[in-house]
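I have placed the structure first, in the form of structure tokens, so that the comments after it can refer back to it.
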Amino acid sequence: MVAPPDNDVLWARALHVTLNGTPALTGVSLGVREGEILAVGGPRGSGKTTLLRCLSGQLAPQRGEVWFNSTPVHTMGPLVRERLRRDRFGWIDPEPALVPELTGWENAALALLLRGAPHRTAKRAALEWLERLDAGDCARKRPHALTRAECQRVAVARALAATPAVLFADEPTAPLHRADRAHVLRTLTTAARSHGITVVLATHDAEVAALADRTVALLDGRRVNTLHLPDDGFTPSADGSGAAAGAADGAAGASGASGASAAERPGAAVTGGQGGSGRPGGSDAEGRAACSLSV
């Protein structure tokens, strides 16, 4: 077992995952630097969600290694991984997973409360992030009284309020309209840069990927060397050409045949290799499975 580079907050080597008899990741390796915003792109079934689940400790690979801050995640037991997700990681699903019995601010504060933060501190942080996301009116409403887009804003506020070391965002703007999507993405990326949060973002959207410092592309469980990123989807190919492809991966926890390849910026052709250079420097609702909280 080889220790990862010191400047990589996340590091994965030769990940292999098979789900329901189908290879989902085949030899995927990458590194993510502290404070970097990394986009993981590819068409449906390319393995974006599976890779994020492995990196966040939700899914243990059959083979390969995952490291966080030079600590091996792949050798941790389930309870230790759950604690890591609760205390250090954040997660945003494509579909908002809120606790129906809680109000908007209570859902947004839940990660902090489960960490043991004082009630007043957690509430203040939750309300602050709801306001930043133009969701202040959702604070006292329960999920059944909110639109799908409003629920997603609450879910994003929940992830940001806890100021995680790493935020995993799996198609975080999928339920949002174009205008709402732009605002939420600006808030998310600005917060990440100002608070030093590392972001791993799965997306099939060229506009979303353009906000990242670097893009890694997946195709059929492997990293590919070239990425062509049209406005309506990803088409990884050997020569950088190809038709547009890509719907979003399914909700978090869904698998897919996955793979990957690096591209320094959307639309650029680069040689794949182990991740690394960036800018200088579950899926269940919380409360229903508190110990598995990952936001």
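Assorted remarks:
- When residues in region 124-170 are screened for being within 30 Å of ARG33 (Cβ to Cβ), touching a Ser or Thr at 6+ places or on another chain (Cβ under 7 Å) and open to solvent by 10 Å² or more (accessible area, probe 1.4 Å), 2 of them pass.
- Flag for ALA248 being among the hydrophobic types (A, V, I, L, M, F, W, C), surrounded by fewer than 23 Cβ atoms within 10 Å (Cβ to Cβ) and either over 26 Å from GLU34 (Cβ atoms) or at pLDDT below 55 (or both): yes
- Which numbered condition PRO61 misses (of (1) open to solvent by 60 Å² or more (accessible area, probe 1.4 Å); (2) over 24 Å from SER194 (Cα atoms)): (1)
- For region 99-120, the set of residues classified as in contact with a Gly (Cβ under 8 Å, 6 or more places away or on another chain) and among the aliphatic types (A, V, I, L, M) consists of VAL99, LEU102, LEU110, ALA111, listed by residue number.
- The set of residues in region 10-27 being of a type outside the set (D, E, K, R), out of contact with any Lys or Arg (no Cβ under 8 Å at 6 or more places or on another chain), in a strand (DSSP E or B) and open to solvent by 40 Å² or more (accessible area, probe 1.4 Å) consists of THR18, THR22, PRO23.
- When region 184-211 is filtered for residues that are assigned to a loop (DSSP other than H, G, I, E, B), in contact with a strand residue (DSSP E or B) (Cβ under 8 Å, 6 or more places away or on another chain) and surrounded by fewer than 24 Cβ atoms within 10 Å (Cβ to Cβ), the ones remaining, listed by number, are ILE197, LEU211.
- Listed conditions (1) under 19 Å from ASP134 (Cα atoms); (2) surrounded by 19 or more Cβ atoms within 10 Å (Cβ to Cβ) are all met by ARG178, apart from (2).
- Of the candidates ALA149, ALA159, the single residue that is within 15 Å of ALA109 (Cα to Cα), hydrophobic (A, V, I, L, M, F, W, C) and outside any loop (DSSP other than H, G, I, E, B) is ALA159.
- Meets criteria (in a loop (DSSP other than H, G, I, E, B) and open to solvent by less than 10 Å² (accessible area, probe 1.4 Å)) for GLY31: no
- Annotation note: Cβ proximity below 8 Å between a residue of region 69-96 that is closer than 17 Å to VAL200 by Cβ and in a loop (DSSP other than H, G, I, E, B) and a residue that is open to solvent by 30 Å² or more (accessible area, probe 1.4 Å) and among the aliphatic types (A, V, I, L, M) (sequence gap 6+ or interchain) occurs for HIS74/ALA60; ASP93/ALA251; PRO94/ALA174; PRO94/ALA251.
- Subset tally (residues that are more than 27 Å from GLU34 (Cβ to Cβ) and modelled with pLDDT of 95 or more) for region 89-111: 10
- Look at (1) open to solvent by 20 Å² or more (accessible area, probe 1.4 Å); (2) over 26 Å from ARG13 (Cα atoms) and you find that PRO78 fails only one, number (2).
- Unmet requirement for ARG88, which otherwise passes all of (1) out of contact with any Cys (no Cβ under 8 Å at 6 or more places or on another chain); (2) open to solvent by less than 60 Å² (accessible area, probe 1.4 Å); (3) under 23 Å from ARG158 (Cβ atoms): (2)
The values are calculated or read from the model by the stated rules, or taken from the named source; none is laboratory data. Quick caveat: nothing in here was measured; it's all calculated off a predicted structure. Don't worry about glycine lacking a Cβ; one is built from the backbone with ideal geometry, like all the others, and counts go over all protein chains shown. Side chains are part of the model used for accessible areas, which takes the heavy atoms of the whole protein and leaves out ligands, DNA and RNA. Shrake-Rupley method; radii C 1.70, N 1.55, O 1.52, S 1.80 Å.
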